[in-house]
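Notes follow once the structure below has been shown.
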Amino acid sequence: MRIGILGTGNVGRAVAAAWLRAGHDVVLGSRRPGDEELLTGVKELLQAGLRVDDPAGTAAHAEVIVNATPGTASVALLESIGAPALAGKVLLDVAVGFLEDESLSHQVVSLGEEIQRAFPDTRVVKSLCTIDREVMVSPDSLVGPSTVFLSGEDAEAKRVVGGLLADLGWPADSLLDLGGIVTARGQEHFALLFVGIALATGDFRFNIRFVPPATDGANTGAA
C-alpha cells in the first residue's frame, strides 16, 4: 500500500522502517522535507526506498495516512493539508496529546474524535497509542501475547489497519475492536497509566493483555 506518515519522530521512523520491510511504499511527511539533519537521520531508510515530502505531498501520495505528530498539533497540521485532500482516505491516528504539566490535552473528547469531527469524510481509526514504539513494531519481543486496540466508525478502514498491524507482527487474535471512535478516549487516557507503569518499572517496553474469564461455566464475575 501507499502509506504516508505525518511526523518524523521516533514513532514515525519506527513504523516507516517496519512497513518498508514489509514491502509497502512509504513516504515520511515533514514541514522541512529538505532538512539536512532529518535526511541524515533517515539515511538508511532512504536507501531502503523511503521518500520524504511535505505534509500535503505525503497525503496526496497515500492511500493510508498515519498521524504520528504530537497530539497537541495534529488537528492544525491536518487542517493545513485540507479536508478535500483527506476525504475518503484511511487515517490511522497513533497520537496522544500531552501538555507541559504532563496532563492530557484531550480530557473529555479524544484526539481521535476531534480528528473525525473535523474531517467527517476521512475514515479515522485509533490504534497503537497504548504501547511504546519498540513494541509497536516487534510485539514478539515481549514474553507472551498482548493486546492492541482499534477504535473507529468504518469497518473496512479497521480491516485495512488490521492488515497493516499484521505487517508489524501483530496476530489477528491480539487485535481487539473496541467499537466507534468514541472509544478512543479509553485508549488515549491509558497513556497516564502507561507512564506510571514505565516509571515504576524503569522500562517502556511492555504491553497489557486482555484476559477473558474462565470458560468452565463457573460464575467468576463480581456481584
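Taking the Cα centre as origin and putting +1 on Lys and Arg beta-carbons and -1 on Asp and Glu beta-carbons, what dipole magnitude results for the range 20-91, to the nearest 20 debye?
For this selection, approximately 140 debye.
Summing -39500 (n - 2.57) over the DSSP H runs of n ≥ 4 in the chain and dividing by its residue number, what mean residue ellipticity at 222 nm do you reach, to the nearest 500 deg cm²/dmol?
-10500 deg cm²/dmol
Classify the range 135-223 as rounded, prolate or oblate from the Cα gyration tensor: take a ≥ b ≥ c as the square roots of its eigenvalues, call it rounded if a/c is under 1.5, otherwise prolate when a/b beats b/c and oblate if not.
It is rounded, given that a/c, with a ≥ b ≥ c, falls under 1.5.
With point charges of +1 on the Cβ of Lys and Arg and -1 on the Cβ of Asp and Glu, referenced to the Cα centre of the chain, which listed residue (Leu193, Phe119, Ala60) lies farthest in the positive direction of the dipole?
Ala60
Please report, in whole Å, how far the alpha carbons of the chain spread along each principal axis, starting with the longest.
61, 38, 35
Of Pro145, Leu50, Leu176, which is farthest towards the positive pole of the chain's charge dipole, taken about the Cα centre with +1 and -1 on the beta-carbons of Lys, Arg and Asp, Glu respectively?
So the residue we want is Leu50.
Which whole-number value in Å² is the accessible area per residue of the chain, probe 1.4 Å?
Result: 49 Å² per residue.
What is the set of long-range amide H partners of Gly97 at a cut-off below 5 Å, with H atoms built 1.01 Å from backbone N?
Gly71, Ser105, His106
Can you run phi through the Karplus equation (6.51, -1.76, 1.60; θ = phi - 60°) for the range 167-172 and list ³J(HN,Hα) in whole Hz, with x for Gly and Pro?
3J(HN,Hα) across the range 167-172, in whole Hz: 5, 8, x, 8, x, 4.
Treat every Asp and Glu Cβ in the range 1-133 as -1 and every Lys and Arg Cβ as +1, leave all other atoms uncharged, and give the resulting dipole magnitude about the Cα centre to the nearest 20 debye. Please list the in-between numbers first.
Numbers: 12 positive and 17 negative charges, 97 e Å.
My answer is approximately 460 debye.
On a straight-distance basis, which lysines could pair with Lys126 in a cross-link, Cα separation under 17 angstrom, same-chain partners fewer than 8 positions away excluded?
Counting by Cα, and skipping residues close in sequence, Lys126 has these lysines nearby: Lys89, Lys158.
With +1 on each Lys and Arg Cβ and -1 on each Asp and Glu Cβ, how big is the dipole of the chain about its Cα centre, in debye rounded to the nearest 20?
280 debye
For the range 184-190, what does the Karplus curve 6.51 cos²θ - 1.76 cosθ + 1.60, with θ = phi - 60°, yield as ³J(HN,Hα) per residue in whole Hz, taken in order and with x for Gly and Pro?
Computed from phi, the couplings for the range 184-190 are 5, 4, x, 4, 5, 5, 4 Hz.
Highest first, please rank the peptides 82-94, 48-60 by the mean number of other Cβ atoms sitting within 10 Å of their residues.
Highest to lowest by the protection proxy: 82-94, 48-60.
Count neighbours as other Cβ atoms within 10 Å of each site's Cβ, and list the GluC sites (Glu not before Pro) in the range 43-103 that are DSSP loop with at most 13 such neighbours.
Glu100, Glu102
I need the phi-derived Karplus couplings for the range 113-127: 6.51 cos²θ - 1.76 cosθ + 1.60, θ = phi - 60°, integer Hz, Gly and Pro marked x.
Per residue, the Karplus-derived 3J(HN,Hα) values read 5, 4, 5, 5, 5, 6, 10, x, 8, 9, 9, 8, 10, 9, 6 Hz.
With a 1.4 Å probe and every protein chain kept in, tell me what percent of the accessible surface of the chain is carbon plus sulfur. Walk me through the numbers before you get to the answer.
On the way: 5850 of 10950 Å².
Using a 1.4 Å probe with all protein chains present, the chain comes out at 53 percent carbon and sulfur.
The values are calculated or read from the model by the stated rules, or taken from the named source; none is laboratory data. All figures in this text were calculated on a predicted structure; none of them were measured in a lab. Counting neighbours? That spans all protein chains shown, and the Cβs are built from the backbone with ideal geometry, glycine included. SASA here: full protein model, heavy atoms, side chains in, ligands and nucleic acids out. Shrake-Rupley method; radii C 1.70, N 1.55, O 1.52, S 1.80 Å.
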